[in-house]
Amino acid sequence: MLEIPESTTIARQLNETVYGKTIRRVVTNTSPHKFAFYHGDPADYENLLVNQNIGDSFGIGAMVEITAGDCRIVLGDGANLRYYDDLTKVPPKHQLLIEFDDESALVCSVQMYGSVFAFKAGDFDNKYYLVAKEKPQPLTDAFDMAYFAALHTANTDKLSAKAFLATEQRIPGLGNGVLQDILFHAGIHPKRKTGALSGQELDRLFGSIKDTLAEMTRLKGRDTEKDLFGNTGGYKTILSKNTVGKPCLVCGTEIQKAAYLGGAIYWCPGCQPLKE
Ligand SMILES: [Zn+2]
């Protein structure tokens, strides 16, 4: 699933690849999918988007936003976007195909579930989109220690570190994927209660959010995810399905996995002890 490092990487790759191109043809829903979500009727997307010129693309939390003239295309978590430099390479099944005037194309496909939105700028009131646009992103200067400290309230003391960081869109785009290595570098077990963290641990957590996400982004995303060209990211995950059961690189303890709050957590019992 896309999270901040991948949405930022894909937006950058879009700016290097499709910026300035003109949309010639749009096809939606060649392979109807129960859990592919559109804005309004996808049959209208062609009218909306044909002849529009591609402008800047942005990563917004876990979403990618593409400017297309006075319209916007927004791809949410679970919607995979690929670029093809030749129409003959385009796969037959997809939820959105955007053909450009130079015979290249963008193809969006949804596996489990995903959002494929197109709309006139300003004409979209999706809650997740608006919240993700409004809140400071962790890699910006606006996301500073004071902002991070203000995310703590009396209500968040009871939350585990995982729930605090990766639910309620508290930090849009920081999800259950990047969470694992962020907590590893901070030395915090995902089940630790936020209210029990020391000032020093909170400082480490803030630093780890910034540094871990910056490193993942610098290396074009995690090795568990794919970029605009279908290549896996260059960031080697420390805690993921790729490393469970293997020895921790720091202390040699076997990396553990458990189901927790609607998704797997991974941790090193040596580096991230579960203390109260
Ligand atoms: Zn360890």
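The values are calculated or read from the model by the stated rules, or taken from the named source; none is laboratory data. Because the structure is a prediction, the values reported are computed rather than measured. Here Cβ is always computed from backbone atoms with ideal geometry, including for glycine, and neighbour counts include all displayed protein chains.
Selection of segment 52-99 for residues being more than 19 Å from the chain's Cα centre (by Cα), of a type outside the set (A, V, I, L, M, F, W, C) and part of a strand (DSSP E or B) yields Asn53, Gly55, Tyr84, Glu99.
What are the residues in segment 247-263 that are away from the ligand (no atom under 11 Å from the Cβ) and either loosely packed, with under 14 Cβ neighbours inside 10 Å or within 14 Å of Ser160 (Cβ to Cβ) (or both), if any?
Once the filter is applied, which keeps residues that are away from the ligand (no atom under 11 Å from the Cβ) and either loosely packed, with under 14 Cβ neighbours inside 10 Å or within 14 Å of Ser160 (Cβ to Cβ) (or both), segment 247-263 yields Ala258, Ala259, Tyr260, Leu261, Gly262, Gly263.
The helices (runs of 4 or more DSSP H) located wholly in segment 100-167 that include 1 or more residues which are within 23 Å of Tyr19 (Cα to Cα) occupy 127-134. So for segment 147-159 (the condition being within 23 Å of Pro269 (Cβ to Cβ) and surrounded by 15 or more Cβ atoms within 10 Å (Cβ to Cβ)), does at least one residue qualify? Yes, segment 147-159 has at least one match. All conditions but one from (1) modelled with pLDDT of 95 or more; (2) among the charged types (D, E, K, R); (3) more than 30 Å from Asn15 (Cα to Cα) apply to Arg222; the one that does not is (3). Here the condition is being of a type in the set (A, V, I, L, M, F, W, C), surrounded by 15 or more Cβ atoms within 10 Å (Cβ to Cβ) and not in a helix (DSSP H, G or I); of Leu205, Leu239, it holds for Leu239 alone. For segment 89-99, the set of residues classified as buried (at least 22 other Cβ atoms within 10 Å of the Cβ) and more than 19 Å from Gly20 (Cα to Cα) consists of His94, Gln95, Leu96, listed by residue number.
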